[in-house]
1. So how far apart, in nm, are the two label points at residue 255 and residue 271 if each is 7 Å from Cα heading toward Cβ?
2. Which one of 248, 92, 402 has the biggest mean-square fluctuation once the chain is modelled by GNM with Cα springs under 10 Å?
3. Once R0 is set to 35 Å, what does the formula 1/(1 + (r/R0)^6) return for the Cβ-Cβ distance between residue 230 and residue 112, expressed as a FRET efficiency to the nearest 0.05?
4. Can you tell which of 60, 301, 175 shows the greatest fluctuation in a Gaussian network model of the chain with Cα springs below 10 Å?
5. Can you list the equivalent-ellipsoid semi-axes of segment 8-180, largest first and in whole Å, using the square root of 5 times each Cα gyration tensor eigenvalue?
6. Can you give me the orientation-averaged projected area of the convex hull built on the Cα atoms of segment 81-206, in nm²?
7. Go ahead and set up a Gaussian network model of the chain, Cα springs under 10 Å, then flag whichever of 86, 29, 233 fluctuates most.
8. Would you mind telling me the antiparallel percentage of the DSSP bridges in the chain, rounded to 5?
């Protein structure tokens, strides 16, 4: 279905990795599926000095390398819609050049004033760029809507987040601001709501009476790679826990929204966050764990420790592993512990939600551990996306020995349907 809402898509930080690896390939996928307006135009903006031709070549190469869709026949058609403008992000005078370029593109392509501004920049620019856009009138909606997209992290802590919020709202209306977490665009994360609210067998069990505890894990087998500088300022807690995984926890725990409208879903997620039990200082040692991966040798290959990574201080105490136990104090979840953990250089790569149901009150069939046959619902976010239900079955033969078996669904089974990337959403 092709949209008729013609607009210009402006990416700030267009020379960066996110643009090349994720944003432009995702836009190309939408273009091939006819999900973009017919007169859609993309303007890349950054400090780097590129000509239009040079930027087009770079984006064509990026699409060829990182495309999410096999069809390459429409790459030339898509590249023709791409343009580039160099500005100084902290130089307000160059925003006048940007405004003139946008006006020229609108006239040339017969596009209205509808504009999306995507911040693919360091967070330190999240306040500066929107302020300068407003100073030259690029936030005004007289000739069409203007939307500003900001991805996490939204501030370094509560204080800086509130300062950024106030700074943005001086020049932009709330309905113009889109604070996003691309993680929520993952197919399996969105399927969490469908699993819960479209299946009558789960909702009656989705509470403190039947659920023992909930685990949410994001484990990576790689280290920080070349992101040491960024990781030094974030760590595992800020990088994954306080945004991606808390959002997943909220979707797991929230009540059914009244509709699928963003406001309705947001309100239910907010209720979960308002019900989180604060962790007191004296309880940190029993409710949180921090760790950092060390160097090692595996199969005669040296694996660098975190402090040996590029951009990392040799005496850094930044955590590369974080685990937190918390409670949601409401009627549905009172007393049920939630466990969130995330880390680098772990034995396997997996992101999943595991619902551990309570064992039967009396285990009739074996003298073994009761929990060896507890039921689990596993929602695998990556890799091998899907849903798995674990339950006990009788082992063939004499007696009543019980073994765990799996009833599972994998998205890969839907070979005729393509899994869209999170950024396409």
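None of the figures in this text is laboratory data; all of them are computed from the coordinates on show. Keep in mind that this is a model prediction, so the values were computed, not measured. Here the Cβ is made from the backbone with ideal geometry for all residues, glycine too, and neighbour counts use every protein chain on show.
1. 0.3
2. Result for the chain, Cα springs under 10 Å: 402 fluctuates most.
3. 0.40
4. Among 60, 301, 175, the largest mean-square fluctuation in the Gaussian network model of the chain belongs to 301.
5. Taking √(5λ) for each eigenvalue gives 26, 18, 15 Å, largest first.
6. Working: hull surface 43.9 nm².
The number I arrive at for segment 81-206 is 11.0 nm².
7. Looking only at 86, 29, 233, the largest GNM fluctuation is found for 233.
8. Antiparallel bridges make up about 60 percent of those DSSP assigns within the chain.
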